[in-house]
Amino acid sequence: MPATEAQTILDALAHSVAGDTERGLALLQPLVDAGPRSTYALLGSLAEVASSDAREASPGSSFGMEVIGPDGPADAELLPPPLRFAAHFVTAWANRDQDTAHALFWAVAEPSDRYGTDDLAEAIRAVFAMAAATAEYEVARKRRQREEGKTW
């Protein structure tokens with residue numbers, strides 16, 4: 001992904017961390033408009049951010065997906081479709097399973113394009129929310145370290 005696209009994604013995440021998620025998402029629209037290759041790269045970049053903490057904490061590990069509902073463990077298939085996509089996509093990406101990530105992408109992108117639904121947009125929004133949550137956590141962690149006098 002060219003540096004300008006990577007910077008756009010970082011800027012979008014920064015807007016979300018600062019509380020303006022809609023502005024962040026709007027910055028990403030040209031990447032989606034550029035077509036499926038750019039959209040897949042965008043989702044991969046967001047999944048990279050969303051899974052970074054887990055991958056850094058457990059390098060070389062294989063990751064599963066745990067869903068906790070109000071009454072304890074739950075089946076991922078009960079999640080709303082955009083969140084279910086995001087959870088599966090980010091998990092596949094964290095496991096470096098490009099075949100699964102690619103299949104998941106096309107399972108949403110192709111019918112969304114064909115029938116003009118918002119399914120892909122909602123899937124992107126869900127993956128973006130996961131990446132933004134990770135970015136927000138990292139900002140808070142670094143702020144605590146700075147306040148405690150530790151270096152970044």
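Taken together, the values in this text are just the output of simple stated rules run on the coordinates, not laboratory data. Quick caveat, the model's predicted, so the values are computed rather than measured. Here the Cβ positions follow ideal geometry from the backbone for every residue, glycine too, while neighbour counts run over all protein chains shown.
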Residue match in the stretch 77-99 (condition: without any contact (Cβ under 8 Å) to a residue 60 or more places away in the chain and β-branched (Val, Ile, Thr)): yes
Residues that are in contact with a Lys or Arg (Cβ under 9 Å, 6 or more places away or on another chain) and over 11 Å from residue 128 (Cα atoms), drawn from the stretch 1-47: 15
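Kindly indicate whether residue 66 is farther than 28 Å from residue 142 by Cα and not aromatic (Phe, Trp, Tyr). Break it down into steps so the answer makes sense when it comes.
On the way: farther than 28 Å from residue 142 by Cα: no; not aromatic (Phe, Trp, Tyr): yes.
Taking the combined requirement at face value, the residue does not satisfy it.
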